[in-house]
Amino acid sequence: MVPWLEATAKPYFPDTASVLAEPAGLLAAGGRLDVEWLLVAYRQGIFPWFSESEPILWWCPAPRTVLYPKRFYQSKSLQKLARQQRYQITLDQDFEAVIEACAADREGQSGTWINSQMIDAYIEMHHAGFAHSIECRHQDELVGGLYGIGLGKIFFGESMFSRAANASKLCLKHLVDSGNYEMIDCQLPTGHLHSLGAIEISRDEFESALNRWI
């Protein structure tokens, strides 16, 4: 049974060892989406993920999909594109545009988990200095981007989008090349992430990284 969190209480989450096996990684429901709750959650490796019609659901899947910068796979075509400087890459120049683009409907998908509550919450986190975006522009048009939470030496990636080939990969390359992070949390596995060098690690290894780098 999923533990319910009182929305008026101070942030508190059950021990991550108590996550449900099915659906994998579900930890609790309820609480609030504000800076205080989100910071407590992310520092424990917990993140919100729910649809508009659901209560706030908090997740901590294991194993955890992460990308270590030194393992980031840069194809020759990506390296060539970066050298051409065809696109302009910026940091925190248009967070709202990036998260709204990530939330937009995509071909082959129905709906999005980045609902209005999530957008408002992460914009608040951005204003507080914890949520960051990387933008990719071509001739002043936003063609790609990513956003997430930066705490210490860990970047908790939330979502990315591309309207031009390899645009989001250029943003990820910029994040990796910044040297600001020892680990990028990717949360859940996908074939795309694995092709970029992401791997799965155990809960113990992930929690050790949290303790070491935040």
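The values are calculated or read from the model by the stated rules, or taken from the named source; none is laboratory data. For clarity, every value in this text was computed on a predicted model and none was experimentally measured. All Cβ positions, glycine included, derive from the backbone under ideal geometry; neighbour counts span all protein chains shown.
Taking region 149-203 as the range and being basic (K, R) and under 19 Å from V98 (Cβ atoms) as the test, the residues that pass are R163, K169, K173. Looking across region 172-214, the residues that are on the phi > 0 side of the Ramachandran plot and part of a loop (DSSP other than H, G, I, E, B) come down to G179, G197.
Hey, could you check region 14-51 for residues that are assigned to a helix (DSSP H, G or I) and more than 17 Å from the chain's Cα centre (by Cα) and say which is surrounded by the most Cβ atoms within 10 Å (Cβ to Cβ)? Filtering region 14-51 for residues that are assigned to a helix (DSSP H, G or I) and more than 17 Å from the chain's Cα centre (by Cα), the one surrounded by the most Cβ atoms within 10 Å (Cβ to Cβ) comes out as T16.
Once region 158-171 is narrowed to residues that are surrounded by fewer than 22 Cβ atoms within 10 Å (Cβ to Cβ) and small (G, A, S), the residue that is farthest from S195 (Cα to Cα) is A164.
Contact annotation: residue pairs with Cβ atoms under 7 Å, 6 or more positions apart or on different chains, pairing a residue in region 72-86 that is surrounded by 12 or more Cβ atoms within 10 Å (Cβ to Cβ) with a partner that is of a type outside the set (S, T, N, Q) and in a loop (DSSP other than H, G, I, E, B), are F72/L196; F72/G197; Y73/L196; Y73/G197.
What tally of residues in region 69-103 results from selecting those that are of a type in the set (A, V, I, L, M) and out of contact with any Phe, Trp or Tyr (no Cβ under 9 Å at 6 or more places or on another chain)? Can you show your working first?
Here is the first cut: in region 69-103, the ones of a type in the set (A, V, I, L, M) are 78, 81-82, 89, 91, 97-99, 101, 103.
Among the residues that remain, those that are also out of contact with any Phe, Trp or Tyr (no Cβ under 9 Å at 6 or more places or on another chain) are: 78, 82, 89, 91, 97.
The qualifying residues number 5.
Only residues that are under 20 Å from P189 (Cβ atoms) and either modelled with pLDDT under 95 or surrounded by 21 or more Cβ atoms within 10 Å (Cβ to Cβ) (or both) were counted in region 52-61, giving 4.
Kindly indicate which of L151, L210, L188, L196 is in contact (Cβ under 8 Å) with a residue 60 or more places away in the chain and out of contact with any strand residue (DSSP E or B) (no Cβ under 8 Å at 6 or more places or on another chain).
On the way: L210 fails: out of contact with any strand residue (DSSP E or B) (no Cβ under 8 Å at 6 or more places or on another chain); L188 fails: out of contact with any strand residue (DSSP E or B) (no Cβ under 8 Å at 6 or more places or on another chain); L196 fails: out of contact with any strand residue (DSSP E or B) (no Cβ under 8 Å at 6 or more places or on another chain).
Matching residue, one of L151, L210, L188, L196: L151.
Conditions (1) touching a Gly at 6+ places or on another chain (Cβ under 6 Å); (2) exposed (fewer than 15 other Cβ atoms within 10 Å of the Cβ); (3) at pLDDT 95 or above, marked per residue:
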| position | (1), (2), (3) |
| --- | --- |
| R106 | no, yes, no |
| R137 | no, no, yes |
| L142 | no, no, yes |
| G148 | yes, no, yes |
| F155 | yes, no, yes |
| K173 | no, no, yes |
| P189 | no, no, no |
| L210 | yes, no, yes |
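V66 falls short of the stated requirement of being of a type in the set (V, I, T), surrounded by 18 or more Cβ atoms within 10 Å (Cβ to Cβ), in contact with a Phe, Trp or Tyr (Cβ under 6 Å, 6 or more places away or on another chain) and within 23 Å of L39 (Cβ to Cβ). Of all residues in region 161-202, those being out of contact with any helix residue (DSSP H, G or I) (no Cβ under 7 Å at 6 or more places or on another chain) and basic (K, R) number 1. Looking at the structure I just gave you, is P55 outside the structural domain of S133 (by TED's automatic domain parsing) and over 16 Å from the mean Cα position of the chain (by Cα)? Yes, satisfied.
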